[in-house]
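Each remark here refers to the structure printed beneath this line.
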Amino acid sequence: QTAWTGVNERTFVAVKPDGVQRRLVGLILNRFEQKGFKLVGLKLMQASEGLLKDHYIELREKPFYEHLIRYMSSGPVVAMVWQGFNVVKMARKMLGETNPADSLPGTIRGDFCVDVSRNVVHGSDSIQSARREILLWFRQDELICWDESAEPWIYE
Ligand code: RTP
Ligand code: MG
């Protein structure tokens with residue numbers, strides 16, 4: 001298995017229940033594709049409370065934790081893994097800030113939401129988090145290594 005660095009860096013992105021209900025899945029997929037990242041994992045799923053509690057374990061002491069788990073389990077989510085150079089950092093840029101009020105127009109949160117508790121999309125905040133979250137959400141055989149012909153047009 002190749003290391004998740006350089007052009008093989010990976011991040012975990014999820015369209016949250018509000019994003020799915022509001023039919024924003026295609027649009028969000030489209031932004032990552034247009035940017036030049038490569039989709040290596042994708043599934044629509046109802047996340048269990050256990051999975052979500054584990055996913056957001058670092059926030060367990062926060063006052064909004066229970067509320068967040070309820071929000072995230074309120075409907076299906078679309079879990080995805082994107083691959084590419086600096087994808088962790090750039091995905092976070094594309095998402096915008098945690099609070100939509102601080103997110104610039106042009107970012108997903110800046111363009112499509114107003115409430116921090118309905119902020120449409122999740123993205124891993126570091127390479128270590130990405131690794132942990134991908135292993136949590138995806139089985140090994142759900143991540144696809146595929147060759148693409150567009151690569152020379154995206155990377156020198
Ligand atoms: P995410 O993990 O979902 O990508 O969001 P993030 O890194 O930008 O922010 P984080 O601190 O990890 O918070 C996770 C999610 O919890 C909700 N939240 N609510 N009520 C509040 O003050 C509050 N703060 C955070 C948001 O849905 C946030 O994305
Ligand atoms: Mg976070």
If we only count helices (runs of 4 or more DSSP H) wholly inside segment 88-156, which ones have 2 or more residues that are of a type in the set (S, T, N, Q)?
127-137
I'd like to check something: does segment 117-130 contain any residue that is under 17 Å from Asp54 (Cβ atoms), within 13 Å of ligand 2 (Cβ to nearest atom) and either surrounded by fewer than 11 Cβ atoms within 10 Å (Cβ to Cβ) or over 13 Å from the mean Cα position of the chain (by Cα) (or both)?
yes
Every pair of residues 6+ apart whose Cβ atoms lie under 7 Å, when the first sits in segment 4-19 and is farther than 10 Å from His122 by Cβ while the second is charged (D, E, K, R):
Trp4/Arg10; Trp4/Arg131; Asp18/Arg118
Return the residues of segment 10-33 that are surrounded by fewer than 20 Cβ atoms within 10 Å (Cβ to Cβ) and touching a Gly at 6+ places or on another chain (Cβ under 8 Å); say none if nothing qualifies.
Val20, Gln21, Val25
Output the qualifying pairs, or none if there are none: Cβ atoms under 6 angstrom, residues six or more apart or on different chains, first residue in segment 113-124 and hydroxyl-bearing (Ser, Thr, Tyr), second residue near ligand 2 (Cβ under 10 Å from one of its atoms).
Ser124/Glu133
Of the residues that sit in segment 64-80 and are outside any helix (DSSP H, G or I), away from ligand 2 (no atom under 16 Å from the Cβ) and not hydroxyl-bearing (Ser, Thr, Tyr), which one is surrounded by the most Cβ atoms within 10 Å (Cβ to Cβ)?
Val78
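Of these, Val40, Val77, which one is of a type outside the set (Phe, Trp, Tyr), within 22 Å of Arg118 (Cβ to Cβ) and within 13 Å of the chain's Cα centre (by Cα)?
Of Val40, Val77, the one residue that is of a type outside the set (Phe, Trp, Tyr), within 22 Å of Arg118 (Cβ to Cβ) and within 13 Å of the chain's Cα centre (by Cα) is Val77.
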Which of the residues spanning segment 37-63 are among the basic types (Lys, Arg) and either part of a helix (DSSP H, G or I) or touching a residue at least 12 places away in the same chain (Cβ under 8 Å) (or both)?
Lys38, Lys43, Lys53
It is to be established whether one or more residues within segment 139-152 are of a type in the set (A, V, I, L, M, F, W, C), farther than 19 Å from Asn8 by Cβ and more than 9 Å from ligand 1 (Cβ to nearest atom).
no
All conditions in (1) of a type in the set (A, V, I, L, M); (2) in contact (Cβ under 8 Å) with a residue 24 or more places away in the chain; (3) closer than 14 Å to Glu133 by Cβ are true of Ile108 except (3)
How many of the residues in segment 107-120 are near ligand 1 (Cβ under 7 Å from one of its atoms) and closer than 11 Å to Glu97 by Cα?
2
Single unsatisfied condition, Phe85 versus (1) in a loop (DSSP other than H, G, I, E, B); (2) hydrophobic (A, V, I, L, M, F, W, C); (3) touching a Leu at 6+ places or on another chain (Cβ under 6 Å)
(3)
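Any read-out appearing in this document is the output of simple, stated calculations on the displayed coordinates, not a laboratory observation. Keep in mind it's a predicted model, so treat the numbers as computed, not measured. Cβ sites come from the backbone with ideal geometry, for glycine too, and all protein chains shown count toward neighbours.
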